[in-house]
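This report refers to the structure that appears directly beneath it.
Rule-based calculations on the coordinates, nothing more; no lab input. Fair warning: this is a prediction, and the values are worked out from it, not measured in the lab. Here the Cβ positions follow ideal geometry from the backbone for every residue, glycine too, while neighbour counts run over all protein chains shown.
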Amino acid sequence: MRNGGRRTEDGGEERRPIIGVPAALARPTETGYVHQQVGSPYTRALEEAGALTLVLPVTDQPELIREMLTLVDGIVLQGGGDIAPRLYGQEQLPMITHVDEMTDEFELELCRQAVQNDLPILAICRGIQVLNVALGGTLVQDLPTERPGTVPHRQAASRQTPSHRIYVYRGSKLAEILGREEITVNSFHHQAIDELAGGLTVSARSEDDVIEGVEAIDKEFVIGVQFHPEETTRSIPATAELFRRLVETADARRDGRPPESER
């Protein structure tokens, strides 16, 4: 299904798959007003892949998260600020910025519940880190000081511009979706996965060995990438396939049928 619903037997049109994107709390305005926000490139990429986006507001009530997840067919975890190191058992380094622990705890709980519910998940940049921490893994807090390498993981070029190569593992779901084992991607992060969570396997690395992709071992579609495919669906067409396959899987799961790519 793409750019509209399938036709029903009576000639009507079924609804598009609904993909939930958890919001982040923005820093307060001068008047103290706090916004909950989702980046527009995510909603555009999902719309072009044939989905409706439902913004999931930050809450500290697990029962509301459970209700939210009954409304969606899949999840995208968006990029954003650093995760509070105490949530993965570390002391905070001075380089950590833009931490909002309410957003962190909301996303971690939502991610755990979504995995338990077998919802399709695409986790992007901070999202791959949320996925790893939610399942019990840890992070490198600051690559330049803890793991200095040869790759500029926080590029100066525009967000649509690819800046470094990653190598995608043969036989991984990510390689199958992208249709290649090497791709040049954009990069806007200073943190990365350190200890990999149980239940995940690495699917891609950069030239300096930073983890750039993970996927769940026993789930149909739980994929994390350290780059930002929502910014490159037009400049790097292969990255648009991540959103299309997420939406296809979510649509098939809702209807209890195999995705078109598996028929």
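Using Cα springs under 10 Å in a Gaussian network model of the chain, which residue among Y33, Y169, Y88 shows the largest mean-square fluctuation? Evaluated over the chain, the most mobile residue of the options is Y33. Measuring nothing but how far apart in sequence close Cα pairs (under 8 Å, 6+ apart) lie, relative to its length, region 111-263 scores a relative contact order of 28 percent.
The amide H of G39, built 1.01 Å from its N in the peptide plane, has no neighbour under 5 Å, considering only residues 5 or more places off or on other chains.
Please report the antiparallel percentage of the DSSP beta bridges confined to region 18-256, to the nearest 5. Please list the in-between numbers first.
Working: 20 of 34 bridges.
Counting only bridges with both partners in region 18-256, antiparallel ones make up about 60 percent.
Put a plus charge on the Cβ of each Lys and Arg, a minus charge on the Cβ of each Asp and Glu, and nothing anywhere else: the dipole of region 32-107 about its Cα centre is then about 160 debye.
What share of the DSSP beta bridges in region 1-143 is antiparallel, in percent to the nearest 5? Each step should come with its number before you reach the end.
On the way: 3 of 13 bridges.
Antiparallel bridges: around 25 percent, rounded to the nearest 5.
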